Amino acid sequence: MALPAAAAADFTTTGGYAAACAEVARGAVPSDDDARVAAVICRDTALVSQIVTWASQGMKRMDKQDMPKDAIMVEVRKEIDYVIAELGTTRKLLAQIKLGKRTSLRLAPARWERDIDGDGTVQLWEKYLFALPKRGQQGFRMTAPSNEQAYYDSQYNLGAVIRVDQSDILWSLAYHHFIEGMLTNLRAFELTDKFDGLILARPELLKAAHKLIGNGFVISGKMRQEVLDETDDDEEWIGNPKQAGSVFPVPLDAAGFASWGMMVKEMSALWQGRTLLPATRGGRGMLAVMAPLCPEGSGLNVAKLYLHPPAAATVYSFRNTKLPAGSCQRIDKGHPLSPLPQMAEQAATTDTGMGFLRYLYWTN
């Protein structure tokens, strides 16, 4: 006798979110794509809570106990490894989700109330931590959490609802690759005893990081095309120029999508070593600090840097950093300089600089 299908999780209410995540916390194995979406949401929001709780309570505890630096670093490494493992689990769940043209769960992130820092109360900033900023062209800001209702009423779309589709899955999957890759990159290194440099402790992790981040660019490109191909207009997360019902914080017109496509193309080319970073002696601008890296007429090949790292135990001082000469490559027709640093400098020196940063953040 066939059992009835389980009811889809409800992420549009505080109670629905709590019930769905309680089921996930009990270890329920996702049996379909909707359940996988629910599992990813619950595990990712729980991971945010874990990180914030550790950063606040854990740091206070270590400071109170006057723990030595070595012991603190052990805890830091343990926390990073936990986050990497959890992101890997949810990344694999996301990769299994194949919605096709159908939609999945409805989400109202402003209603996902959670005791984020584990102190037993839900403050206003915790209540709205997952709320979406209002759609518009306001600049990118990094500010301390607010506990003023008027702030959230004026700056956030507290009624935003998203109906998950395949492009949303790809957006999240790309971000999982990027964040897991960056943390894997970080774990390739250890601090020196005097905390004045880095030791390349695990060169193999650089190769793993390169693959993760590179896959993120590929998935971001696929997601962009998936959004452009959509013809419906129903509670969209990222909307194409023909979709009006989008709650994506950054409005994207045809020019925005073209710029996004160009950014993904250029980042992929740089990451795979088809273009080079202008990090030559005597260089100026954003990469001036890297000026000693490569001789005149050559540029930094990022792929070589990651895929052919130096031996374990190589030390990089925070001053006068020098990377392996093999990471530099002659600039020629097959390996031109990347335009990305120049584009970033232009954005940073104009009034649109912070807006550009916000655009990059939301479009991953």
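The values are calculated or read from the model by the stated rules, or taken from the named source; none is laboratory data. It should be emphasised that the depicted structure is a prediction, and the values quoted were computed from it without experimental measurement. Every residue, glycine as well, gets a Cβ built from its backbone with ideal geometry; the counts of neighbours run over all protein chains shown.
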Check on G214, of a type outside the set (D, E, K, R), assigned to a loop (DSSP other than H, G, I, E, B) and closer than 20 Å to Y306 by Cβ: no
If you go through region 10-22 one residue at a time, do you hit one that is in contact with an Asp or Glu (Cβ under 8 Å, 6 or more places away or on another chain), surrounded by 21 or more Cβ atoms within 10 Å (Cβ to Cβ), in contact (Cβ under 8 Å) with a residue 24 or more places away in the chain and within 24 Å of I179 (Cβ to Cβ)? yes
Cβ-Cβ under 6 Å, sequence separation 6+ or interchain: first residue in region 302-313 and surrounded by 17 or more Cβ atoms within 10 Å (Cβ to Cβ), partner among the aliphatic types (A, V, I, L, M). Which pairs? V302/L270; Y306/L206; P309/L206
Go through region 210-235 and count every residue that is in contact (Cβ under 8 Å) with a residue 40 or more places away in the chain, touching a Phe, Trp or Tyr at 6+ places or on another chain (Cβ under 7 Å) and not aromatic (F, W, Y). 6
For region 251-274, indicate whether the set of residues that are assigned to a loop (DSSP other than H, G, I, E, B) and of a type in the set (D, E) is non-empty. yes
Based on this model, can you work out whether L183 counts as touching a residue at least 60 places away in the same chain (Cβ under 8 Å), assigned to a loop (DSSP other than H, G, I, E, B) and under 26 Å from S56 (Cα atoms)? no
So which residues in region 55-80 are loosely packed, with under 13 Cβ neighbours inside 10 Å and either farther than 12 Å from R187 by Cβ or in contact (Cβ under 8 Å) with a residue 12 or more places away in the chain (or both)? A55, K60, R61, D63, K64, Q65, D66, P68, K69, D70, A71, V74
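Looking at this structure, is V122 outside the structural domain of T12 (by TED's automatic domain parsing), of a type in the set (A, V, I, L, M, F, W, C) and touching a helix residue (DSSP H, G or I) at 6+ places or on another chain (Cβ under 9 Å)?
Details: outside the structural domain of T12 (by TED's automatic domain parsing): yes; of a type in the set (A, V, I, L, M, F, W, C): yes; touching a helix residue (DSSP H, G or I) at 6+ places or on another chain (Cβ under 9 Å): no.
Here the answer is no, as V122 does not meet what is asked.
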Given the condition modelled with pLDDT under 90 and under 23 Å from G334 (Cα atoms), answer yes or no: does some residue in region 254-277 qualify? yes
Which one of V37, V29 is at pLDDT 95 or above and over 26 Å from R187 (Cβ atoms)? V37
Residue check, R91 within 30 Å of T231 (Cβ to Cβ), touching a residue at least 24 places away in the same chain (Cβ under 8 Å), within 25 Å of the chain's Cα centre (by Cα) and in a helix (DSSP H, G or I): yes
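One line per residue, one yes/no per condition, for (1) outside the structural domain of K304 (by TED's automatic domain parsing); (2) crowded, with 20+ Cβ neighbours inside 10 Å; (3) of a type in the set (A, V, I, L, M, F, W, C); (4) over 30 Å from D70 (Cα atoms):
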{"residue": "K92", "(1), (2), (3), (4)": "yes, no, no, yes"}
{"residue": "P109", "(1), (2), (3), (4)": "yes, yes, no, yes"}
{"residue": "W112", "(1), (2), (3), (4)": "yes, yes, yes, yes"}
{"residue": "E148", "(1), (2), (3), (4)": "yes, no, no, yes"}
{"residue": "F178", "(1), (2), (3), (4)": "yes, no, yes, no"}
{"residue": "L183", "(1), (2), (3), (4)": "yes, no, yes, no"}
{"residue": "A188", "(1), (2), (3), (4)": "yes, yes, yes, no"}
{"residue": "L198", "(1), (2), (3), (4)": "yes, no, yes, no"}
For region 40-63, state whether one or more residues are touching a strand residue (DSSP E or B) at 6+ places or on another chain (Cβ under 7 Å) and farther than 24 Å from L129 by Cβ. no
Could you check region 94-114 and list, in sequence order, the residues that are over 21 Å from the mean Cα position of the chain (by Cα) and either among the aromatic types (F, W, Y) or assigned to a helix (DSSP H, G or I) (or both)? R111
